[in-house]
Each structure stands twice: as structure tokens, then as C-alpha cells.
Amino acid sequence: MNDPIALARRDVVLGRLVHAIAEGLPIRLPQPSAARPARTTAWEDFDEASEFAGVVGRWRYLFEGEDDLLHLVVARRDGSAIPVAEAWDVVAFLLPDVPRGLIWIRPSTGSHHFYFGHECLHHSPSSE
């Protein structure tokens with residue numbers, strides 16, 4: 001996961017997250033529009049053009065949250081099932097300085113959902 005485009009996108013997304021948190025703004029899921037109608041679940045509507053989403057290799061990710069908790073969705077770009085170990089690899093790429101013990105996982109089949117506190121980003125050099 002040393003793709004310079006994925007690294008640059010990660011840094012932009014983390015910068016947006018830190019800014020939104022500092023301003024007290026909620027980090028919302030993308031809303032369906034005429035150009036992009038709703039799918040079966042809200043997180044499926046994200047793409048790399050969403051301000052808190054990106055792509056790394058064969059995976060896509062999306063952050064959302066408010067108050068003091070962030071939610072990170074990790075899924076495969078082709079929509080197929082993703083093993084938990086692969087999802088953790090994406091989390092390690094996105095949040096290299098956040099200890100795994102501070103992240104709670106809710107596994108699923110087509111995606112995995114990770115939760116962690118806003119304060120975890122304040123200690124990440126890649127988000128500064």
C-alpha cells in the first residue's frame with residue numbers, strides 16, 4: 001500500500017476529518033442525489049469523490065461520525081466479501097499511528113465497520 005495517489009488521498013481525507021472535528025462539524029454520509037440515487041444501504045453511496053472517502057488498492061473506505069466518535073467503513077471495490085484481516089490492513093494504512101486496541105470493530109460480510117474516538121486523530125502525524 002505504498003501507492004502515492006492513495007497516500008495523498010489518505011492525507012487529504014485525514015486533514016478534512018481533523019478540520020471538521022476542530023470546527024465541531026458532523027462528518028456525514030454522502031446524500032443520494034438525482035445523479036447518484038440511493039442504494040440498499042447509505043454507505044454504498046460513497047465513492048472516491050466524497051470528501052471523507054477514498055480508494056486504496058482494491059478497497060474503498062468512508063469515514064462518518066459526530067459527537068466524539070468516528071465510524072470507518074471498509075469494503076472491497078467490487079462489492080465482494082472482505083476478510084477481516086484485509087480490512088484491518090486498510091485501517092493500518094489509514095491510521096498508522098492509532099493503536100489497534102483503541103479501535104472497535106463490527107464485522108460484517110460485504111464491509112467491516114470500525115469505531116474510534118476523535119482524539120485518536122490528534123496524535124496521528126499523518127493528520128497534521
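If we keep just the residues of region 25-51 that are modelled with pLDDT of 80 or more and open to solvent by 60 Å² or more (accessible area, probe 1.4 Å), which is nearest to residue 118 (Cα to Cα)?
Step one: list which residues in region 25-51 are modelled with pLDDT of 80 or more, which gives 25-28, 50-51.
Pick out the ones that are also open to solvent by 60 Å² or more (accessible area, probe 1.4 Å) and you get 25, 28, 51.
Values: 25: 12, 28: 14, 51: 17 Å.
This residue is 25.
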Subject >> Subset tally (residues that are within 12 Å of residue 110 (Cβ to Cβ) and among the aliphatic types (A, V, I, L, M)) for region 50-92 >> reply: 6
**OP:** Identify the residue in region 52-76 that is more than 20 Å from residue 3 (Cα to Cα) and touching a Pro at 6+ places or on another chain (Cβ under 9 Å) and, among all such residues, is surrounded by the fewest Cβ atoms within 10 Å (Cβ to Cβ).
**Re:** 67
Original post:
Considering only residues of region 59-88 that are part of a strand (DSSP E or B) and among the charged types (D, E, K, R), which is nearest to residue 10 (Cα to Cα)?
Top reply: 60
Subject >> Candidate set: region 100-121, residues that are in a loop (DSSP other than H, G, I, E, B) and over 22 Å from residue 20 (Cα atoms); chosen: the one most open to solvent (accessible area, probe 1.4 Å) >> reply: 109
**OP:** For residue 91, indicate whether it is at pLDDT 90 or above, β-branched (Val, Ile, Thr) and assigned to a strand (DSSP E or B).
**Re:** no
Original post:
Is there any pair linking a residue in region 12-32 that is touching a residue at least 60 places away in the same chain (Cβ under 8 Å) to one that is assigned to a loop (DSSP other than H, G, I, E, B) and loosely packed, with under 14 Cβ neighbours inside 10 Å, with Cβ under 8 Å and at least six apart or on different chains, and which?
Top reply: 18/128
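The values are calculated or read from the model by the stated rules, or taken from the named source; none is laboratory data. Only a predicted model underlies this, so the values are computations on that prediction, with no experimental measurement involved. Here Cβ is always computed from backbone atoms with ideal geometry, including for glycine, and neighbour counts include all displayed protein chains. These area figures cover heavy atoms from the full protein model, side chains too; ligands, DNA and RNA do not enter into them. Shrake-Rupley method; radii C 1.70, N 1.55, O 1.52, S 1.80 Å.
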